[in-house]
Each structure stands twice: as structure tokens, then as C-alpha cells.
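Undergrad: Encoded as C-alpha cells, here's the structure I'll be asking about.
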Amino acid sequence: MDLNAAAVIFMGGYVLVIVVAGLVLSLRPGGGTQPLTLSGLAGGANGGCGRAILLGGDVEAMGNFRGRVESVLVAGQSGRLEGITLSSAAGLIEGERVPAGAIESADGRRLQIREPWDPAEPDGEASRVSFHRGAAVLGAAGKRLGKLRLVCFDSDSGLVRGLIVAQRGRTQREVFLPIQHVKAAGAERVVTDLQQEQWTGLQPYATDESIKEAVLERLGQDPAVGHFARSLSVEVREQRVKLSGYVRTQAEAEKAAEVARSVPGVIAVDRGMRSDEDLASAVREAISRDLGTSGTDVEVRSVLG
């Protein structure tokens, strides 16, 4: 065997060792990750995503594009949002960190930040977990169950509530994964304690804007609701729908609420509608209380407000 052949065999074996080592690291649950050891009530309140940071989403300051979200930084013990890192853009360094205090809004699509921010803002805990765009989300057995898309946090406390995961499969289903089920995270993977069969019970996720559009569309198309759908107002906040306006009967109000609840991603429906009967009764009572009209015999009717 000549030296050239020996060199080729040696290099081939060396490359094979590197590939195998990389596969072992990539397949090992938790490999290359930092632990998330939440204590007490860390992780925020249950009940919806709250504000959402889209990994890979645009970051703007005063209407100007400043880069894209590369990763979200979270304190490993308290679960508090510490900031984000940016991909390269004009005037910014690759991986530059923006502290949480500079975030003005996060709607699940784009992130608005305040400039300039204070680079000397305290780092918080020494233990910090990074959630990266495109990271694989693994179940307890190490099987890949989806891909990380968004990080949800509470606007008041700053605590991270959970993650939005795009599940694998034929349907493009996104679910809310409570942060308490996340055990570690790194550049390529997020490790959870959930078994594969438990993922089907997770709350579906949708943005408030998409939920509102879907609710309005379904209200207008439903034959039992469509004739009074225009008299209703729809508000959505953190996947909770509030219906207001007027209906003829309480049965119609319940039907409208039922239609709203059928939209994927809706957590709860506040039935703030009033029926014609309620309104007419309130008007009759107001007339009877007023000194100038209390003795008047008036018939009151209401039609959709």
C-alpha cells in the first residue's frame, strides 16, 4: 500500500469518527443544552401565550428594520425573559443582544424594540437558557415531535409562559407547550418531559388576529347566526374571545359563543352580548325610575339593539 492510499484511508477514518461523534451528540437527549430548573411559580401563569416572540421574525425600531430574532434568552431558574439575540443587519453585530427592557411589543409576527438600549443592563442569573430558531423539540424518549417557532411570555411579570411548537405530521398544527414541561434547551434542540401521546392534549395556538378573522368568518357563514352577525363585535386578547353586541334571544347568544369556541386556538369565550329582551327590560325600568316618565304607559320593543 503506497502512502497516498494510506493517507486516504486515514483521513476517511478520521472523518467517519467525527460524523459518528456528531450523530451521538445530536441523538443524545439533552446533548449540548443548558438545563431549565424552574422553582416555585416560575414560568408565568397558565392560560394562553401572552406576548409572543417569533424566532426568525423581523425586529424593528422606529419603523426601521434592525435584524431578525436569532434566539431568546431566559433565566434558567426564575424563567424570566432576559432578552434576545439578533442576526446580522446594518449597524449591528452578529449575535448582538437586546435586553428584555428594550422590547416594546411582540405580537407573534414582528418585534418592536426601543433604541438605544442599555447594554449594561444586569444579566440576572448565571444560568441562562437559549431558545434558538429552528430547534428540534424532543419528547421524553428523545423522539423529535416538532420544531420551535415562538416563545411566549407574560407582559406584566416578564416570565416565560411557554413555547409554540409546530408539530410534525400532515397537518400544520401549532400547539402551546407550557414552560414547566421544558427541561433543557440549546442551539439545536429543546428537551421536554412529555411522552409522545401527551402532545395531542396540548392547547392549539393561533395569533389573536387570525382568531378574530376566523371567528368573524364563521359567525357570518353559520346559518343560525349569520342574520345577526353584523350586530356583534369581536375582540381577542391572548386567545380569549369577547363577544359584545345585541341578539334577539339568549339562545342566539349561546349559539354565537358556540361558534366562536369552535375556532382552533380559542381558549375561552366571554359572552358579553345582550338580548333584545334584556335591553327592552332595562329601558322599561329606566322609564319607570325617572320622575318625568314614571307614570307613562309605554310599550318598549328592541330589535338587535
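The values are calculated or read from the model by the stated rules, or taken from the named source; none is laboratory data. Computed from a prediction, not measured in an experiment: that's the story for all the values here. All Cβ positions, even for glycine, are placed from backbone atoms using ideal geometry, and neighbour counts span all protein chains on display. Accessible surface areas use protein heavy atoms only, side chains included; no ligands, DNA or RNA. Shrake-Rupley method; radii C 1.70, N 1.55, O 1.52, S 1.80 Å.
Undergrad: Could you name the lysines in cross-link range of Lys143, using Cα to Cα under 26 Å and dropping any fewer than eight places away on the same chain?
TA: Cα-Cα hits under 26 Å: Lys183.
Undergrad: Working out 0.36 nm times the residue gap between Ser233 and Ala268, then minus their Cα-Cα distance, what length gain in nm do you get to one decimal?
TA: Numbers: separation 35, 0.36 × 35 = 12.60 nm, distance 1.58 nm.
11.0 nm is the gain from fully extending Ser233 to Ala268.
Undergrad: Per residue, how much accessible area does region 193-305 show when a 1.4 Å probe rolls over the protein heavy atoms, in square angstrom? The partial results should precede the final answer.
TA: Working: 6780 Å² over 113 residues.
Result: 60 Å² of accessible area for each residue.
Undergrad: Also, quick follow-up: With the Cα gyration tensor of region 174-305 giving a ≥ b ≥ c as the square roots of its eigenvalues, does the rule (a/c under 1.5 for rounded; else a/b larger than b/c for prolate; else oblate) give rounded, prolate or oblate?
TA: Prolate, because a/c is 1.5 or more and a/b exceeds b/c.
Undergrad: Using modelled backbone amide H atoms (1.01 Å from N, in-plane), which distant-in-sequence or interchain residues come within less than 5 Å of Gly272's amide H?
TA: Leu243
Undergrad: When the dipole is taken about the Cα centre of region 164-305, and only Lys, Arg (+1) and Asp, Glu (-1) are charged at their Cβ, what size is it in debye, to the nearest 20?
TA: Values: 19 positive and 22 negative charges, 89 e Å.
Approximately 420 debye in magnitude.
Undergrad: Read phi for every residue in region 180-186 and hand back ³J(HN,Hα) as whole Hz from Karplus 6.51 cos²θ - 1.76 cosθ + 1.60, θ = phi - 60°, with x for Gly and Pro.
TA: Using θ = phi - 60°, the values come out as 5, 8, 8, 9, 6, 7, x Hz.
Undergrad: Starting from the Cα coordinates of region 102-254, work out the convex hull volume and express it per residue in Å³. Numbers along the way, then the final one.
TA: Numbers: hull volume 25.4 nm³, N = 153.
It is 166 Å³ per residue.
Undergrad: Which of the lysines could be linked to Lys242 by a straight reach, that is with a Cα gap under 19 Å, when you skip same-chain ones fewer than 8 residues away?
TA: Straight-line reach from Lys242, under 19 Å: Lys212, Lys255.
Undergrad: Only four residue types carry charge here, +1 at the Cβ of Lys and Arg and -1 at the Cβ of Asp and Glu. Report the dipole size of region 112-241 about the Cα centre in Debye, rounded to the nearest 20. Could the numbers behind the result be given before it?
TA: Numbers: 18 positive and 18 negative charges, 150 e Å.
Dipole magnitude for region 112-241 comes out near 720 debye.
Undergrad: Something else now. Please arrange Asp276, Asp297, Asp290, Asp222 by accessible surface area, largest first, computed with a 1.4 Å probe and ligands excluded. Before the final figure, lay out the partial values.
TA: Details: Asp276 15, Asp297 150, Asp290 80, Asp222 35 Å².
Reading off the accessible areas and sorting them downward yields Asp297, Asp290, Asp222, Asp276.
Undergrad: For region 150-224, what is Rg from Cα atoms divided by 2.2 N^0.38 Å, rounded to two decimals?
TA: Working: Rg = 15.5 Å, N = 75, 2.2 N^0.38 = 11.3 Å.
Normalised Cα radius of gyration, region 150-224: 1.36.
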